[in-house]
2 protein chains.
Amino acid sequence: MPNIVVDADTIFKELKSHSISEFFRKNSQMLGYSGKVRSLTTVVHEYSSNSLDACEEAGILPEITVQVKEIGEGKYSVLNRDNGPGIPQKIIGRVLATVLSGTKFHRYMQQRGQQGIGGSGCTMFSLITTGKPIHIRSGTGKSAYECDLSIDIKSNKPIVTNMAEIDNSFKGLEIYGEFGDVKYEMSDHGVYEYLRRTALSNPHANIKLIDPEGKEHNFVRSVLEMPVRAKPTRPHPLGVTTNDLLEFAHNSESKKIASFLTDTFTRMSANKVTELRDMVNTLDFDKDPHQLTWDEAEKLVKAFKATKWIAPDLDTLSAIGEEQIKATIKNILNPQFMAVIERKPKVFRGGIPFVVEAGIAYGGMAGKEASEGGQGGVVVRFANKVPLLFDGSVCAISLAVNGVDWKRYGIKEFEKEPVSVLVNVSSVYVPYSGVGKQAISQEPEIIEEIKLAVMDCARSLQRYMSGERNKNIQASKYNTIMRYVSQLSTNLSEITGTKREDIEVTLKDLVGRRYKKLLEAEASANEAAAAEEAGEEEEEEEPPAAEEKEEED
Amino acid sequence: MPNIVVDADTIFKELKSHSISEFFRKNSQMLGYSGKVRSLTTVVHEYSSNSLDACEEAGILPEITVQVKEIGEGKYSVLNRDNGPGIPQKIIGRVLATVLSGTKFHRYMQQRGQQGIGGSGCTMFSLITTGKPIHIRSGTGKSAYECDLSIDIKSNKPIVTNMAEIDNSFKGLEIYGEFGDVKYEMSDHGVYEYLRRTALSNPHANIKLIDPEGKEHNFVRSVLEMPVRAKPTRPHPLGVTTNDLLEFAHNSESKKIASFLTDTFTRMSANKVTELRDMVNTLDFDKDPHQLTWDEAEKLVKAFKATKWIAPDLDTLSAIGEEQIKATIKNILNPQFMAVIERKPKVFRGGIPFVVEAGIAYGGMAGKEASEGGQGGVVVRFANKVPLLFDGSVCAISLAVNGVDWKRYGIKEFEKEPVSVLVNVSSVYVPYSGVGKQAISQEPEIIEEIKLAVMDCARSLQRYMSGERNKNIQASKYNTIMRYVSQLSTNLSEITGTKREDIEVTLKDLVGRRYKKLLEAEASANEAAAAEEAGEEEEEEEPPAAEEKEEED
């Protein structure tokens, strides 16, 4: 077959644009719709994390019910009901049937959702696998309505039908959808495990799953208080690129660059602006921020980096909390041993705040079934309290945990011990590696923090394990000696004619007292050694990314 | 801090839509822009694979020059020049500065690009890291022009400036861009390795890299013929979902469902339509395809699956080719042993055609530097002839290769042997796991095919390895006997008085002949054993997805 030379006009006559919804229709695996089990979990993940976000924002203790029913070959319905604030009637289409539309994308705030893709992705997935719209019931407290919702994929526009008022006692949001090419399965990657882990990281939520067999699984809240709410914040000067700064400036409502800076950034005081003025003296700080050029912005960002700043505000982040994690680990895993740590917030990429929490549970129901039988180590990953069940092999959390030298902490083979390592990374911006948000991108600062957190817990584990080991060694020594005492007593009794029992009691008493002293001495020696060993491993704390000094803000 | 109950209107007052370019600006790691080295490789990957696609489409033997220069701290310029057809002046902005716009998305044809994201992604990455536009020079043969190109991120619209005619002797396309937050490095993930592998899978291309030190690396073509061009094709009836069928129907220009079917699908003859009519007798095949409903489409798709079809057309796929792969492996790796196979095309998801090629090279420059020194096994992945350097751990190719029991093929530890396993998957639609197109999604049919291809090559390797092993064993036996012969000759000479040399010659001749027979017997026994072993491993060929019987098309 000869090749014919074709010119550019011919080649490009087919040039077309397509919508983001068309793109994801064709590449739905990129949203997490790959594999039947994963696809169903993705639907539940999107709906339940939206419910948790909405309740958190509205200040409501979440009650979430998820019902999964088999409705045909490879077809399941999912119903997700919450007691949240609902969605206003006139924007329902833009919220749940327009890809890249939502409240969260432009915010600088820690939330589960951040893209405006998840909910609309489910609407699309229902459409392309069953041709059905999703059904909504929403009550805001003042009024309630129901409707069907679909999406015009070519234009990425919502299609709202059968809109009707319903009894206004209905409060919250209920979404019912039918999905094809899915499967319910009790596995590491299934809906049950997803919700179990969601309960683990959201101890303030009541979550009920009604599975396809009609069985109810209740994950009951273990704390009665709302988590401290993440607050919207402003970006920190160390967290922006030149392009970010230009974007902010060109969209600013401030009249001058000076006020633009104080309005836009946290930690940007009038004094700081004066400092910056001195450093970037070629820039007119009174000019319109819309006139800021790339070169000027670049100089400003350089000046930001050369300035000392108070670290980002800490209460913009909402971690699960040490006590809450302990309560749920006890509740769900009931381990022999556990250690939990919440690290101090840090920053990555210069100024994006994040905080890492980690926990280690050993024994009890910790770990997962190992391939060769028995329990094996498992890494339980969360980002902004949302479980990550897929793509572990490229995730910063897995990399960090696998990077720990577990032998040093008394875990001979991580894969063969009943150990669960939990890590939750919270941030105003979690750098996911893909649109499906199942793995955290490998940012060096994040990996480092996770490692430090896990190693901290691992040191407690090490002390526990060496205590257990010593107990075993000592018990076995004691048993050996006691066997010897019995034999010795018999022999002495034969030689001396003294009653065997008397000799044995005396000898045992003697050995017991002597042995106790020995035990105490050994134990304190061991502790000293463990402390020393732990001290060696303690990596030097890096200095805080921004110096914390007193300054008006 | 008490939580305040907030209502839905307050929560949703911030509802906003954003453009696809805004989304990728914020999440550029999803396009492959994560890490300095990877980001630079991503730029070169996008430009050079566009060049190869354009040349292939125009029927031109590609001459590609990539020049990378360091222009500042963490800043590099990339120039990519090809001898392709160029891009018509009036659409340049839509081709290289509009995300989700291109010629390839709607086609049903094997190409490197398929999304309309790559080239515009580079334009965005240049803008957000240096604030600069990219510079284009394009000549179509009739006329030539240059211009600067940038993108309005908020609206996803191109910004074309400084447009000017240039000397019309310029033929091809040259893109010059400046990028920040990048790094040139000689590593497994760097630009050099990327282009080296591109040369490996595109033996018809001349590729020149001028590195930041000004050093020229020339990857010279090893074949002078254009690869057989992939042809645009129509979808196979077994490869469509209900939703696909509806989309096709609602966008069809046919007047009746019957003609819509024959116009839309490959292998859809008039006879087949008659068969379908009988199976779906509730559907009026004379009605307007725009009126087709989900239920009717679902019934049609079910009928498709119950019908016997000729398999998809094979020459819609363009593999690298067995001889070409051998030539380049020899050229670049110069191994002691190699085996290459091109499998027959198969289908996944019911009807999307794909073809797998695999090669194994052993010794020479095969493998990569192992962490403990020496050479270790390496998996060299390609999709539609484009090297995949990242995200190997989630890729179907890596999974398949790691799933092979290498011990059975004489490779004791894959990680410690000088072995390269090359796999190329070609398809009209490669199901990438992410927008950055660095890993193939784990489709079971694709994994299975890769495994069969690799195991086929591995069996040849096994024969080679066991031959090598036998040679070693035989050589060592022979040497032992010969030492014995020398000693024996001396002893016999002393006893008999015959000249030592005479005895030795006779004995050696005797042993040599006897030994040769022994060797031949052993070798044939070994071969029989190997053949038997290989036979056991040969998994039963699955029947072709669609029965191939004579039928008009």
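Beta carbons closer than 8 Å, at least 6 apart along the sequence or on distinct chains, pair a first residue in the stretch B:295-308 that is modelled with pLDDT of 90 or more with a second that is surrounded by fewer than 20 Cβ atoms within 10 Å (Cβ to Cβ) and of a type in the set (D, E, K, R) for B:THR307/B:GLU275; B:LYS308/B:GLU547; B:LYS308/B:LYS549. Filter the stretch A:202-253 down to the residues that are among the small types (Gly, Ala, Ser), modelled with pLDDT of 90 or more and in contact with a strand residue (DSSP E or B) (Cβ under 8 Å, 6 or more places away or on another chain) and list them by number. Matches in the stretch A:202-253: A:ALA205 only.
Inside the stretch A:1-93, counting only helices (runs of 4 or more DSSP H) that do not spill past its ends, which hold 1 or more residues that are among the hydrophobic types (A, V, I, L, M, F, W, C) and under 20 Å from A:ASN202 (Cα atoms)?
On the way: elements: A:8-12, A:20-26, A:36-58.
It comes to A:36-58.
Checking each residue in the stretch A:331-377 for being among the basic types (Lys, Arg) and at pLDDT below 85 picks out A:ARG349, A:LYS368.
Only one of B:VAL99, B:VAL68 is in contact with a helix residue (DSSP H, G or I) (Cβ under 9 Å, 6 or more places away or on another chain) and more than 10 Å from every other protein chain (Cβ to nearest Cβ); which? It would help to see each step written out before you state the result.
Numbers: B:VAL99 fails: more than 10 Å from every other protein chain (Cβ to nearest Cβ).
Exactly one residue qualifies, and that residue is B:VAL68.
Answer with yes or no whether A:ALA396 is buried (at least 23 other Cβ atoms within 10 Å of the Cβ), in contact with a Cys (Cβ under 7 Å, 6 or more places away or on another chain) and not assigned by TED's automatic domain parsing to the domain that holds A:THR41. Spell out the reasoning first.
On the way: buried (at least 23 other Cβ atoms within 10 Å of the Cβ): yes; in contact with a Cys (Cβ under 7 Å, 6 or more places away or on another chain): no; not assigned by TED's automatic domain parsing to the domain that holds A:THR41: yes.
When the stated conditions are applied, A:ALA396 does not pass them.
In the stretch B:423-434 there is at least one residue that is within 14 Å of B:GLY377 (Cα to Cα), under 22 Å from the mean Cα position of the chain (by Cα) and more than 14 Å from every other protein chain (Cβ to nearest Cβ). Say whether the condition of being on the phi < 0 side of the Ramachandran plot and more than 9 Å from every other protein chain (Cβ to nearest Cβ) is met by at least one residue in the stretch A:4-22. Yes; the residues of the stretch A:4-22 include at least one that is on the phi < 0 side of the Ramachandran plot and more than 9 Å from every other protein chain (Cβ to nearest Cβ). The stretch B:175-280 holds helices (runs of 4 or more DSSP H) entirely within its bounds, and those carrying 1 or more residues that are within 27 Å of A:THR129 (Cβ to Cβ), of a type outside the set (Gly, Ala, Ser) and away from chain A (no Cβ under 14 Å) map to B:257-264, B:270-279. In the stretch A:202-246, of all residues being of a type in the set (Lys, Arg) and either under 24 Å from the mean Cα position of the chain (by Cα) or not assigned by TED's automatic domain parsing to the domain that holds A:GLU174 (or both), the one that is farthest from A:GLU174 (Cα to Cα) corresponds to A:ARG234.
The values are calculated or read from the model by the stated rules, or taken from the named source; none is laboratory data. The structure presented is a predicted model; accordingly, all values stated were derived computationally and were not measured. Here Cβ is always computed from backbone atoms with ideal geometry, including for glycine, and neighbour counts include all displayed protein chains.
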